[in-house]
1. Given (1) in contact with a strand residue (DSSP E or B) (Cβ under 7 Å, 6 or more places away or on another chain); (2) over 22 Å from residue 17 (Cβ atoms), where does residue 77 come up short, assuming only one miss?
2. Considering only the stretch 155-169, how many residues are open to solvent by 50 Å² or more (accessible area, probe 1.4 Å) and in contact with a strand residue (DSSP E or B) (Cβ under 9 Å, 6 or more places away or on another chain)?
3. In the stretch 279-291, which residues are outside any loop (DSSP other than H, G, I, E, B) and touching a residue at least 60 places away in the same chain (Cβ under 8 Å)?
4. From 38, 33, which residue is open to solvent by 80 Å² or more (accessible area, probe 1.4 Å) and part of a helix (DSSP H, G or I)?
5. Please go through the stretch 87-104 and give me each residue that is surrounded by 21 or more Cβ atoms within 10 Å (Cβ to Cβ) and over 20 Å from residue 65 (Cβ atoms), ordered by number.
6. Residue pairs, Cβ under 8 Å, 6 or more apart or interchain, first in the stretch 140-160 and closer than 15 Å to residue 125 by Cβ and among the small types (Gly, Ala, Ser), second assigned to a strand (DSSP E or B) and modelled with pLDDT of 95 or more. List them.
7. So which residues in the stretch 145-190 are of a type in the set (Ser, Thr, Tyr) and within 13 Å of the ligand (Cβ to nearest atom)?
8. I'm trying to understand the selection: among the residues of the stretch 233-265, which are open to solvent by 10 Å² or more (accessible area, probe 1.4 Å), modelled with pLDDT of 95 or more, under 30 Å from residue 81 (Cβ atoms) and of a type outside the set (Phe, Trp, Tyr)?
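The values are calculated or read from the model by the stated rules, or taken from the named source; none is laboratory data. What you see is a predicted model; the values in this text were computed from it and never measured. FYI the Cβ positions are ideal-geometry reconstructions off the backbone, even for glycines, and counts take in every protein chain you see. These area figures cover heavy atoms from the full protein model, side chains too; ligands, DNA and RNA do not enter into them. Shrake-Rupley method; radii C 1.70, N 1.55, O 1.52, S 1.80 Å.
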Amino acid sequence: MTGKTLLSSLLHYKCRQKFYSTTKIKRFVVPDELVPWEVEFPGYDPAYYTATDGKPWADKNIGDVGFQPKWNAQDGDINRQSLTKTYRITQDGYPLNPIGRTGIKGRGLLGRWGPNHAADPIVTRWKRENNGDKEIKMDPTTQKPVLQFIGIQRRDTREWAIPGGMVEGNEVISSTLKREFMEEALNLLEKQDKNPEEVKGFKKEVDKLFEKGEKIFQGYVDDPRNTDNSWMETRVFNFHDNDGSLLDKITLEAGDDAADVRWMDIDNKLNLYASHSKFLQLVAQKHDAHW
Ligand code: BGC
């Protein structure tokens, strides 16, 4: 296996499982070495699936009257540019997944043909010993300090994940990161009417914490909803509360899209949604923490 083939096959792990995401639709089996489009695969005949009960803002079908997307460009409010590379368009007008085959055609469960942009906030603090003097917990094996992050359990796949979400229209990334964190991990949208004073206080803490973020990753995500013509990309930022003083003042509560929320230890045994474990490994490396 060449370096390039290995990279593609690793990137397409979660989006080459037997069934397409949460559906019963079978993906066409794509062996590792046949993931890249450059390698010919004469018998490749994947099923076509585009959800019809999806989001009201979803793209129309390719070829529909009045649907004239501008590929690889800013298309009005919609960013159809990839963070990965210029993607190709097939002869019949479908954008092609920049990493390669996924075993399914169509828009699948995603809202946009081509890239679908998300943003992911990794909020971290040091794990403390339980002795009240705020001593940082060291891992007995690696002898390195243990980091914790705020994780949510997704409602769709029930997997644990970073509380990220879709960039809405031409929203700036910093707003998406804050909005998603406050909605999913603090449930501030729901709380707004019931407890506006508490919400105000939490927002102040989040504003302070989100002032200094560090970019950890940007690009393609191995998301189970990816198809040959539609895929997820994200920008991941780390917001680290070094002395824990800001995060001590907020209470976690799962929002609408989340079934649960909690502080999770960052460790190489984490098995999270899409490529999220990889992002946490990068965060651990950045802080020279236990992994
Ligand atoms: C999630 C993000 C994730 C992205 C790509 C979005 O639905 O909210 O956390 O990174 O999908 O997998």
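1. Failed condition: (1).
2. So the answer is 4.
3. Within the stretch 279-291, 279, 280, 282, 283, 284, 286 qualify.
4. 33
5. If the condition is that a residue be surrounded by 21 or more Cβ atoms within 10 Å (Cβ to Cβ) and over 20 Å from residue 65 (Cβ atoms), then 97, 98, 99, 100, 101, 102, 103, 104 are the ones that fit.
6. 151/160; 151/161; 151/261; 151/262; 151/263; 151/264
7. Within the stretch 145-190, 157, 176 meet the criteria.
8. If the condition is that a residue be open to solvent by 10 Å² or more (accessible area, probe 1.4 Å), modelled with pLDDT of 95 or more, under 30 Å from residue 81 (Cβ atoms) and of a type outside the set (Phe, Trp, Tyr), then 235, 240 are the ones that fit.
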